[in-house]
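See below for the structure under consideration.
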Amino acid sequence: MPPTTAPVGPVRTGDGITYQLVQQDPGYFESRMVITNRSTRPLRSWKITFEAPGANVRNIWGGRLVRRGSKVEIHNLPGGVPLPPGATWQIQYGASGTPVDPKGCRFGDKPCGF
């Protein structure tokens, strides 16, 4: 379970995914992404990729950090329960550096839309 923090940034709404900066300290920040299964079938696996220029993503809650650093890849947790249609799943990540919105974000093979 990710730490509970009061959001510090606006929610950026995309296509089945949202992004929000939730914590900011000197040299460190945490962001939250919420995935919504908009299909009619359970979502068994997923992948999010993005760039975080000037940041080093190194911690994650609610997902598996496959590639850390400034070019990030996050997958669903191994052995996780499929996400039912209409359900949401939250991931949160921590990074050193200056807070930055994800650039070139992709959810699976589609752009995130924010």
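A few points about this structure:
- Residue within segment 61-83 that is farther than 22 Å from PHE29 by Cβ, polar (S, T, N, Q) and either in contact with a helix residue (DSSP H, G or I) (Cβ under 6 Å, 6 or more places away or on another chain) or at pLDDT 95 or above (or both) present: yes
- Restricting segment 29-76 to residues that are among the hydroxyl-bearing types (Ser, Thr, Tyr) and open to solvent by less than 40 Å² (accessible area, probe 1.4 Å), the residue that is nearest to TRP89 (Cα to Cα): SER31
- Scanning segment 87-101 for residues that are open to solvent by less than 50 Å² (accessible area, probe 1.4 Å) and either assigned to a strand (DSSP E or B) or closer than 15 Å to LEU65 by Cα (or both) yields a total of 7.
The values are calculated or read from the model by the stated rules, or taken from the named source; none is laboratory data. No experiment lies behind these values; they were computed from the predicted model shown. When we count neighbours, we look across all protein chains shown, and the Cβ atoms used for this are built from the backbone with ideal geometry, even at glycine. All accessible areas refer to the heavy atoms of the entire protein, side chains included, with ligands and DNA or RNA removed. Shrake-Rupley method; radii C 1.70, N 1.55, O 1.52, S 1.80 Å.
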